[in-house]
Amino acid sequence: MQILAVPNLPGHPHIAYCDASLQIEHVSATALAQEFGTPTYVYSRAAIEDAARQFLDAAAAGAAHASVDLRYAVKANSSLAILQILARLGWGFDIVSGGELLRVLAAGGDAAKVVFSGVGKTAADMRLALDSGIDCFNVESSNELMLLDTVAAQAGKTARVALRINPDVDAGTHPYISTGLRSNKFGIAQDQAVSLVGQIAQLRHLRLVGIASHIGSQITSTAPYLDALDRILDLIGDIERKGAHLEHIDLGGGLGIRYTDQTPPTPREWLEPQLARIAARGYGHRKVVIEPGRSVVGNAGVLLTRTLFVKTTPAKHFAIVDAAMNDLIRPALYAAEQEIVPAESRPGNALRYDIVGPVCESADFLGRDRALVLQEGDVLAVLSSGAYGMVMASNYNTRCRPAEVLVDGKDVTLIRPRETPDQLYASERLLA
Ligand code: LLP
């Protein structure tokens with residue numbers, strides 16, 4: 001296959017070729033790899049801010065239907081500098097652990113704009129969240145309600161809670177990132193929710209303020225959201241007929257991004273029909289909460305990696321690169337496809353390569369069967385790596401996690417240095 005033109009990168013604002021060199025805003029990927037080494041995650045500040053503003057604009061446009069609170073899902077990318085950018089734009093945060101709460105606070109986030117999700121909160125994490133003054137706990141079971149009531153009593157506080165409902169809809173995404181089916185561990189079945197409302201009324205340190213749902217991740221159409229919403233609105237009707245009043249409806253996150261050829265709705269196209277449905281069914285005076293993660297940061301980041309060896313076996317061509325499944329696990333875990341492009345594009349005769357890392361596992365691949373013109377030493381960029389990249393990195397094979405760099409126009413900031421091997425075992429103990 002002949003490669004003649006430089007790749008066009010739709011869906012990756014602020015990441016583009018200038019002549020034949022890949023640029024993140026005004027900085028070349030080759031220069032970044034040179035300065036910071038590889039593997040390195042690189043993020044575009046403008047791309048994060050653009051995505052965040054699209055949600056702010058969507059919320060403003062929908063204000064006639066209902067007012068919207070934005071809560072960035074910290075799990076997608078929890079680096080302090082990124083949380084700081086979003087906090088400065090006025091975003092709140094969706095957390096799933098005490099650790100994520102501490103990160104939000106360290107980055108200057110406002111605890112009063114934090115919602116605490118997750119199916120397995122510990123008493124210690126609940127206490128930290130109560131003492132910090134978070135807005136709301138999205139509770140997923142009767143036993144969690146009882147524990148939260150006990151912890152709130154000890155803290156001398158009243159916990160604001162929303163019930164996370166499992167609406168039993170198929171979000172049409174990878175089974176590992178689908179959460180809204182009856183068979184998933186998440187949420188409370190609709191028929192159990194009304195009795196839990198009764199339970200909350202008996203618990204003196206809890207106050208029911210909302211209903212929440214999150215049906216999965218990397219969802220590329222609005223239909224499953226509207227299905228889920230209809231069920232949630234039915235349930236709100238049932239709950240309120242029993243005398244409770246709910247302040248807010250949390251629609252969760254999950255809006256997909258373009259990895260290869262997907263065409264997800266824009267934030268506005270995603271939010272508008274949901275807000276319109278809420279208003280049309282007479283619930284427009286409720287506050288609406290959304291928890292997007294991937295769609296805020298996913299296409300703002302790339303993972304830079306250098307080709308160590310090109311290896312041809314009787315079966316295949318392999319490009320063995322210095323990033324591996326420990327740095328970016330999505331391809332191995334979900335068979336996720338992310339574009340892989342050269343830092344310097346050259347015309348020539350492309351071969352089909354499996355792009356693999358140095359880890360001793362056959363699942364250690366970043367991409368398969370990719371047509372590339374490649375030489376040893378070449379830098380490659382794995383696109384769409386801003387979400388669920390660094391946060392899922394591990395030290396498997398005693399590999400140091402990558403550096404992270406933020407580009408802002410021509411400015412470059414090292415927001416997290418690469419780990420060093422001695423850091424990896426500094427806290428370990430030898431036997432006596
Ligand atoms: N809210 C809740 C309650 C969630 O569980 C999640 C993600 C989000 C919001 C944010 O979803 P997003 O907008 O980022 O899709 N590691 C997987 C994705 C796991 C998502 C888990 N929950 C991946 O790399 O595809």
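If the condition is being among the aliphatic types (A, V, I, L, M) and away from the ligand (no atom under 12 Å from the Cβ), then the stretch 166-185 contributes VAL169, LEU181. Filtering ARG207, ARG127 for residues that are open to solvent by 60 Å² or more (accessible area, probe 1.4 Å), assigned to a strand (DSSP E or B), touching a residue at least 24 places away in the same chain (Cβ under 8 Å) and away from the ligand (no atom under 16 Å from the Cβ) leaves a single hit, ARG207. Would you check if PRO224 is open to solvent by less than 30 Å² (accessible area, probe 1.4 Å), closer than 30 Å to LEU383 by Cβ, in contact with a Phe, Trp or Tyr (Cβ under 8 Å, 6 or more places away or on another chain) and not hydrophobic (A, V, I, L, M, F, W, C)? Considered against the rule, which asks whether it is open to solvent by less than 30 Å² (accessible area, probe 1.4 Å), closer than 30 Å to LEU383 by Cβ, in contact with a Phe, Trp or Tyr (Cβ under 8 Å, 6 or more places away or on another chain) and not hydrophobic (A, V, I, L, M, F, W, C), PRO224 comes out as no.
Here LEU56 fits the description: in the same structural domain as LYS287 (by TED's automatic domain parsing) and touching a strand residue (DSSP E or B) at 6+ places or on another chain (Cβ under 8 Å). Tell me, please, whether a residue that is within 14 Å of the ligand (Cβ to nearest atom) and in the same structural domain as PRO39 (by TED's automatic domain parsing) can be found in the stretch 281-289. No.
The single residue among VAL68, VAL104, VAL115 that is among the β-branched types (Val, Ile, Thr), within 14 Å of the ligand (Cβ to nearest atom), under 21 Å from the mean Cα position of the chain (by Cα) and at negative phi turns out to be VAL115.
Against the list (1) within 15 Å of the ligand (Cβ to nearest atom); (2) over 14 Å from ILE239 (Cβ atoms); (3) surrounded by 15 or more Cβ atoms within 10 Å (Cβ to Cβ), the condition ALA152 fails is (1).
Of all residues being open to solvent by 40 Å² or more (accessible area, probe 1.4 Å) and farther than 30 Å from THR420 by Cβ in the stretch 40-59, which is nearest to the ligand (Cβ to nearest atom)? Just the residue, please. Can you show your working first?
The first filter runs over the stretch 40-59 and keeps only residues open to solvent by 40 Å² or more (accessible area, probe 1.4 Å), leaving 45, 50, 53-54, 56-57.
After this cut, where a residue has to be farther than 30 Å from THR420 by Cβ as well, the list is 50, 53-54, 56-57.
Values: ASP50: 16, ARG53: 17, GLN54: 14, LEU56: 16, ASP57: 18 Å.
Among them, the one singled out is GLN54.
May I ask you to say which residue of VAL379, VAL359 is surrounded by 20 or more Cβ atoms within 10 Å (Cβ to Cβ) and either β-branched (Val, Ile, Thr) or over 23 Å from ARG258 (Cβ atoms) (or both)? If you could, list the steps in order and put the result at the bottom.
Details: VAL359 fails: surrounded by 20 or more Cβ atoms within 10 Å (Cβ to Cβ).
Result of the check over VAL379, VAL359: VAL379.
Residues in the stretch 24-40 that are within 29 Å of ARG53 (Cβ to Cβ) and either without any contact (Cβ under 8 Å) to a residue 60 or more places away in the chain or in the same structural domain as ALA51 (by TED's automatic domain parsing) (or both): 1 in all. Kindly evaluate SER141 against the criterion of being open to solvent by 20 Å² or more (accessible area, probe 1.4 Å), among the small types (Gly, Ala, Ser) and touching a residue at least 24 places away in the same chain (Cβ under 8 Å). In short, yes.
Within the stretch 88-101, track down each residue that is farther than 18 Å from CYS136 by Cβ and either in a helix (DSSP H, G or I) or open to solvent by less than 20 Å² (accessible area, probe 1.4 Å) (or both). Result: ARG88, GLY99. List pairs: first in the stretch 1-23 and surrounded by 10 or more Cβ atoms within 10 Å (Cβ to Cβ), second at pLDDT below 85, Cβ under 8 Å, 6+ apart or cross-chain? As it stands, the answer is TYR17/VAL6; TYR17/PRO7; ALA20/VAL6, since those pairs meet every condition given.
Going through the stretch 402-421 one residue at a time, which ones are among the basic types (Lys, Arg) and in contact with a Pro (Cβ under 9 Å, 6 or more places away or on another chain)? Even if it seems obvious, please write down each step before you answer.
The first filter runs over the stretch 402-421 and keeps only residues among the basic types (Lys, Arg), leaving 410, 416, 418.
Hits for the stretch 402-421 are ARG416, ARG418.
Does at least one position in the stretch 338-346 carry a residue that is open to solvent by less than 20 Å² (accessible area, probe 1.4 Å), within 16 Å of the ligand (Cβ to nearest atom) and either of a type in the set (A, V, I, L, M, F, W, C) or under 18 Å from TYR259 (Cα atoms) (or both)? Yes, the conditions are met somewhere in the stretch 338-346. For the stretch 165-177, does any single residue satisfy the condition of being in a loop (DSSP other than H, G, I, E, B), among the aromatic types (Phe, Trp, Tyr) and surrounded by fewer than 22 Cβ atoms within 10 Å (Cβ to Cβ)? No, because not a single residue in the stretch 165-177 is in a loop (DSSP other than H, G, I, E, B), among the aromatic types (Phe, Trp, Tyr) and surrounded by fewer than 22 Cβ atoms within 10 Å (Cβ to Cβ).
Only one of the listed residues (ARG401, ARG330, ARG352) is farther than 16 Å from LEU304 by Cα and of a type outside the set (Asp, Glu). That residue is ARG352. Taken over the stretch 60-84, the criterion of being open to solvent by 10 Å² or more (accessible area, probe 1.4 Å) and over 17 Å from TRP270 (Cα atoms) is satisfied by LYS75, SER78, LEU80, ALA81, GLN84. Within the stretch 389-432, the set of residues being open to solvent by less than 40 Å² (accessible area, probe 1.4 Å) and within 21 Å of the chain's Cα centre (by Cα) comprises GLY389, MET390, ALA393, PRO402, ALA403, GLU404, VAL405, LEU406, VAL407. Residues in the stretch 351-365 that are closer than 14 Å to VAL382 by Cα and either in a loop (DSSP other than H, G, I, E, B) or among the aliphatic types (A, V, I, L, M) (or both): ILE355, VAL356, GLY357.
The values are calculated or read from the model by the stated rules, or taken from the named source; none is laboratory data. For clarity, every value in this text was computed on a predicted model and none was experimentally measured. Because the Cβ atoms are built from the backbone with ideal geometry, glycine has one as well, and the counts that use them run over all protein chains shown. Note: areas computed on protein heavy atoms with side chains; ligands, DNA, RNA excluded. Shrake-Rupley method; radii C 1.70, N 1.55, O 1.52, S 1.80 Å.
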